[in-house]
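Novice: Structure in structure tokens, see below.
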Amino acid sequence: MSPTEDVDAYVLKLRRQVRAAEVQLRDLRRQLVQAEKQADEARNLNKNHDRGLPFAQQSKRLAVLRNIGQEQGYEGHTNGTEDRSQYARSKRRWPLRKEEYKRYGRQLIMPEIGLEGQLRLRSCSVLVVGVGGLGCPAALYLAGAGVSTIGLVDGDTVEESNLHRQILHSTEKIGMSKVDSAVEQLRSLNPLVNYVSYREHLTPQIALQMFDRYDLVLDCTDHPTSRYLISDTCVLLQKPLVSASALRTEGQLMVLNNPSRAAGDVTGGPCYRCVFPRPPPAESVTSCGEGGILGPVVGIMGVLQALEAIKIIVAGISNPFDADGNIDISTVGREEASNASAPRQESPSLLLFSAYTSPPFRSVRLRSRRKDCVACSASATITRASLTSGSLDYAQFCGFVNPVSVLEKDSRISANDYDAQQFMLEWFRQTRGSEVYGPMTDTIIDVREKVQFDLCHFDRAINVPRSEILADDEPLRRALEELPARRQITVVCRLGNDSQLAVRKIRELRRRGGAIGSAETDDSLVMDIEGGLRAWTRNVDPEFPEY
Amino acid sequence: MQHLAQTTSEKELTSSSPAPMPGTMSSARAPPGHFTVLYFASASSYVKKTSETFEAPLPAAKLFDVLEKKYPGMKEKVLSSCALTVNLDYIDLEEDSGEGQLVLQPGDEVGVIPPVSSG
């Protein structure tokens, strides 16, 4: 080092020493002030006693004073540790634990959160219904933010096809209960949160009791029946609800029943039935398994759910009435306090996300509660009893008939039998030629969507997608017209559900006759493969892609 | 980000699109004398497009009839369960608050929003 650098380094060193000494001096001064105060108090106490006290009792009094001081967090100058921690107050002095200041520090220092917001998060219980594409990111961020309790509801196990979007699960957890898998991951992220597992699907009979202990509910399910059930339960129990959904490249998000008020109270926020009073037609309801979903699309909606939940919690869930309509003493006064600090309440809105349009986010203003809503208006007909008694059939309301048993047994052929049949036909062709083979060949109609058909299909299959069959008779009619009479038709789809509906449709078209071939209406000529292509992969050809 | 192609009447638009109109979602304007309908989720699958323009004025109560005429079966299969919005506001055609009397004007933007249940 050159001489000037030496001196510079020395200067720095001295400066540092001076600063340290100054800090020490400040500390010592503070100690002095405390000690003088204590001395004063002791002297006053002494003075206030007539003729003073014997020394033995004085020292007892000082001991009492010191105890009182310690209780209030003052450890005095007696513990002899050299750094600032001798001023560390006892744990009861600080509202959060030491590790919580560290863990939540980055959100604590935001004016929107602050200590008050964190305390609110820490005293709030959230129920996440569904631990799939929405529930995984939502639960992750809620756990990270430090809520008190997270309940997780899901009756399913982890499957391989979940992993592209259900980011709490992992490869080695395939087959495990989704709730168990989620809790394991969440706990490793934040062990300070309390996790409650419900390894079951939500039903009307258990909903009320389950939801009651939570302050806020997230609807991360994938079916209209559960969405209506969850909304009705939240209205009955007066809980705010953050509901989101996603399919293919679109998503929807809304905060419902916020403010959460009893049915008939017009100041309450709208419920699911206020926005969508009529359920979609059953055959139009598409699952992620049928319609597809892009990971980030559902991920975005789940993250936004967590965000809305955090905003609600931090603003203060003030509901002075408990579930029976009595005033909950512990919240009296909280409403005023929370309103004072809460931002002005925005009107409820429906957020629409669309990955391929510009702009991708759009927000629509929702109305307040519907005047005639069956769940939350003054003329509501849905009561607790309707849920617990099972008299409310959500499946029926949404138009769901058991989809798997539409066709009679003998209209269906198993994958193995179909394989045997095709094998025999091939043998005929090779030994007897096409005069015998020809008429016995069946026509295979694959009713999956084109994208799935292009993935993999039987060599001889023709594609008439289900969506086209639903919209219009023409594509099917055209396909059938070209067939000779008495031609066997085998219908196939992925799982063996849609194919049944297609078989019925074909029979109906043939019966109507007209341009479609002859008056041949032998229903037995039209069959579907039971269990669909999945059954084919599992029982006949393991190489055939299963997805 | 790609801007989705709209209907044939888009040809009448000027090449430099003006700023989005207040109270609308999309960044393109309908041709004069028209209002825009935006289709979401299963509605857009049904009509196979994400938006379309129609001639204004049209009473909002007649909109479903117009759509049904163009896309037979749409009322029963899609529209019956849809939420409807006009210029970013949710409207209810059945309520007798007067919204049944609403008339769609040129430049208005209607959203046809089916419920998405999946997740």
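The values are calculated or read from the model by the stated rules, or taken from the named source; none is laboratory data. Remember, predicted model here, so these are calculated numbers, not experimental data. Note: ideal-geometry Cβ built from the backbone for every residue, glycine included; neighbour counts use all protein chains shown.
Residue-wise test of (1) under 22 Å from residue B:89 (Cα atoms); (2) modelled with pLDDT under 90.
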position	(1), (2)
A:347	yes, yes
A:356	no, no
A:359	yes, no
A:371	yes, no
A:374	no, no
A:382	no, no
A:407	no, yes
A:416	no, no
A:420	no, no
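Novice: Return the pair list, or none, for Cβ contacts closer than 6 Å from residues in the stretch B:37-49 that are more than 8 Å from chain A (Cβ to nearest Cβ) and on the phi < 0 side of the Ramachandran plot to residues that are of a type in the set (Gly, Ala, Ser) and assigned to a strand (DSSP E or B), at least 6 apart or on different chains.
Specialist: Within 6 Å, the pairs are B:38/B:51; B:38/B:111.
Novice: Can residue A:112 be described as assigned to a helix (DSSP H, G or I), surrounded by fewer than 16 Cβ atoms within 10 Å (Cβ to Cβ), touching a residue at least 60 places away in the same chain (Cβ under 8 Å) and assigned by the TED database to the domain that holds residue A:228?
Specialist: No.
Novice: Would you check if there is a residue in the stretch A:283-296 being away from every other protein chain (no Cβ under 11 Å) and either in contact with a helix residue (DSSP H, G or I) (Cβ under 6 Å, 6 or more places away or on another chain) or within 19 Å of residue A:386 (Cβ to Cβ) (or both)?
Specialist: no
Novice: Looking at the stretch A:457-466, which of the residues that are buried (at least 17 other Cβ atoms within 10 Å of the Cβ) and out of contact with any strand residue (DSSP E or B) (no Cβ under 7 Å at 6 or more places or on another chain) is nearest to residue B:76 (Cα to Cα)?
Specialist: Taking the candidates together, the pick is A:466.
Novice: Another question, then. Only one of these conditions is not met by residue A:239: (1) of a type in the set (D, E, K, R); (2) within 30 Å of residue B:49 (Cα to Cα); (3) crowded, with 23+ Cβ neighbours inside 10 Å. Which number is it?
Specialist: Condition not satisfied by residue A:239: (2).
Novice: Would you check which residues across the stretch A:281-321 are modelled with pLDDT under 95 and part of a loop (DSSP other than H, G, I, E, B) and list them?
Specialist: A:281, A:285, A:286, A:287, A:292, A:316, A:317, A:318, A:319, A:320
Novice: Could you tell me whether any residue of the stretch A:384-398 is aliphatic (A, V, I, L, M) and more than 30 Å from residue A:504 (Cβ to Cβ)?
Specialist: There is at least one residue in the stretch A:384-398 that is aliphatic (A, V, I, L, M) and more than 30 Å from residue A:504 (Cβ to Cβ).
Novice: Looking at the stretch A:350-370 only, could you name the residues that are in contact (Cβ under 8 Å) with a residue 60 or more places away in the chain and at the interface with chain B (Cβ under 9 Å from one of its Cβ atoms)?
Specialist: Matches in the stretch A:350-370: A:350, A:352, A:354, A:356, A:366, A:367, A:370.
Novice: Considering only the stretch A:214-263, state which residues are of a type in the set (Phe, Trp, Tyr) and either out of contact with any helix residue (DSSP H, G or I) (no Cβ under 8 Å at 6 or more places or on another chain) or assigned to a strand (DSSP E or B) (or both).
Specialist: A:214
Novice: Consider residue A:226 carefully, then state whether it is hydroxyl-bearing (Ser, Thr, Tyr), surrounded by fewer than 24 Cβ atoms within 10 Å (Cβ to Cβ), at pLDDT below 95 and closer than 23 Å to residue B:78 by Cβ.
Specialist: It is false that residue A:226 is hydroxyl-bearing (Ser, Thr, Tyr), surrounded by fewer than 24 Cβ atoms within 10 Å (Cβ to Cβ), at pLDDT below 95 and closer than 23 Å to residue B:78 by Cβ.
Novice: Further, regarding this structure: Taking residue B:48, is it at pLDDT 95 or above, over 20 Å from residue A:362 (Cβ atoms) and exposed (fewer than 14 other Cβ atoms within 10 Å of the Cβ)?
Specialist: Here the answer is no, as residue B:48 does not meet what is asked.
Novice: Test residue A:117 against the stated conditions and say whether it is small (Gly, Ala, Ser), in contact with a helix residue (DSSP H, G or I) (Cβ under 9 Å, 6 or more places away or on another chain) and not in a loop (DSSP other than H, G, I, E, B).
Specialist: yes
Novice: For the stretch A:470-509, name all the residues that are of a type in the set (D, E, K, R) and under 23 Å from residue A:537 (Cα atoms).
Specialist: A:494, A:498
Novice: Of all the residues that make up the stretch A:162-179, how many are assigned to a loop (DSSP other than H, G, I, E, B) and either in contact (Cβ under 8 Å) with a residue 40 or more places away in the chain or closer than 10 Å to residue A:131 by Cα (or both)?
Specialist: Qualifying residue count, the stretch A:162-179: 6.
Novice: Those residues that are part of a helix (DSSP H, G or I) and closer than 16 Å to residue A:488 by Cβ, I need them from the stretch A:435-458; list them, please.
Specialist: Passing the criteria: A:436, A:437, A:438, A:439, A:440.
Novice: Going residue by residue through the stretch A:396-405, is there one that turns out to be surrounded by 14 or more Cβ atoms within 10 Å (Cβ to Cβ) and either in a helix (DSSP H, G or I) or assigned by the TED database to the domain that holds residue A:259 (or both)?
Specialist: Yes, the stretch A:396-405 contains a residue that is surrounded by 14 or more Cβ atoms within 10 Å (Cβ to Cβ) and either in a helix (DSSP H, G or I) or assigned by the TED database to the domain that holds residue A:259 (or both).
Novice: With respect to residue A:205, is the statement that it is surrounded by fewer than 15 Cβ atoms within 10 Å (Cβ to Cβ) and at pLDDT below 95 true?
Specialist: So residue A:205 fits the description; yes.
Novice: Looking only at residues in the stretch B:55-87 that are facing chain A (nearest Cβ under 8 Å) and surrounded by 17 or more Cβ atoms within 10 Å (Cβ to Cβ), which one is farthest from residue A:279 (Cα to Cα)?
Specialist: B:85
Novice: Name the one entry in A:182, A:139, A:145 that is under 30 Å from residue A:97 (Cβ atoms), buried (at least 17 other Cβ atoms within 10 Å of the Cβ), over 12 Å from the mean Cα position of the chain (by Cα) and assigned by the TED database to the domain that holds residue A:281.
Specialist: A:145
Novice: To continue, here is another question. Has the stretch B:89-100 got any residue that is within 11 Å of chain A (Cβ to nearest Cβ), under 14 Å from the mean Cα position of the chain (by Cα) and crowded, with 17+ Cβ neighbours inside 10 Å?
Specialist: The answer is yes, given that some residue of the stretch B:89-100 is within 11 Å of chain A (Cβ to nearest Cβ), under 14 Å from the mean Cα position of the chain (by Cα) and crowded, with 17+ Cβ neighbours inside 10 Å.
Novice: Now a separate question. Within the stretch A:128-161, can you find the residues that are within 12 Å of chain B (Cβ to nearest Cβ) and in a helix (DSSP H, G or I)?
Specialist: Hits for the stretch A:128-161 are A:135, A:136, A:137, A:138.
Novice: Considering the stretch A:477-496 alone, what residues qualify as being part of a helix (DSSP H, G or I) and surrounded by 20 or more Cβ atoms within 10 Å (Cβ to Cβ)?
Specialist: Hit for the stretch A:477-496 is A:480, nothing else.
Novice: So residue A:431 fits all but one of (1) of a type in the set (Val, Ile, Thr); (2) surrounded by 13 or more Cβ atoms within 10 Å (Cβ to Cβ); (3) not assigned by the TED database to the domain that holds residue A:278; what number is the exception?
Specialist: Checking residue A:431 against (1) of a type in the set (Val, Ile, Thr); (2) surrounded by 13 or more Cβ atoms within 10 Å (Cβ to Cβ); (3) not assigned by the TED database to the domain that holds residue A:278, the one that fails is (2).
Novice: May I pose another question? Look through A:499, A:467 and report the one residue that is among the small types (Gly, Ala, Ser), within 14 Å of another protein chain (Cβ to nearest Cβ), assigned to a helix (DSSP H, G or I) and within 30 Å of residue A:225 (Cβ to Cβ).
Specialist: Of the residues listed, the single one that is among the small types (Gly, Ala, Ser), within 14 Å of another protein chain (Cβ to nearest Cβ), assigned to a helix (DSSP H, G or I) and within 30 Å of residue A:225 (Cβ to Cβ) is A:467.
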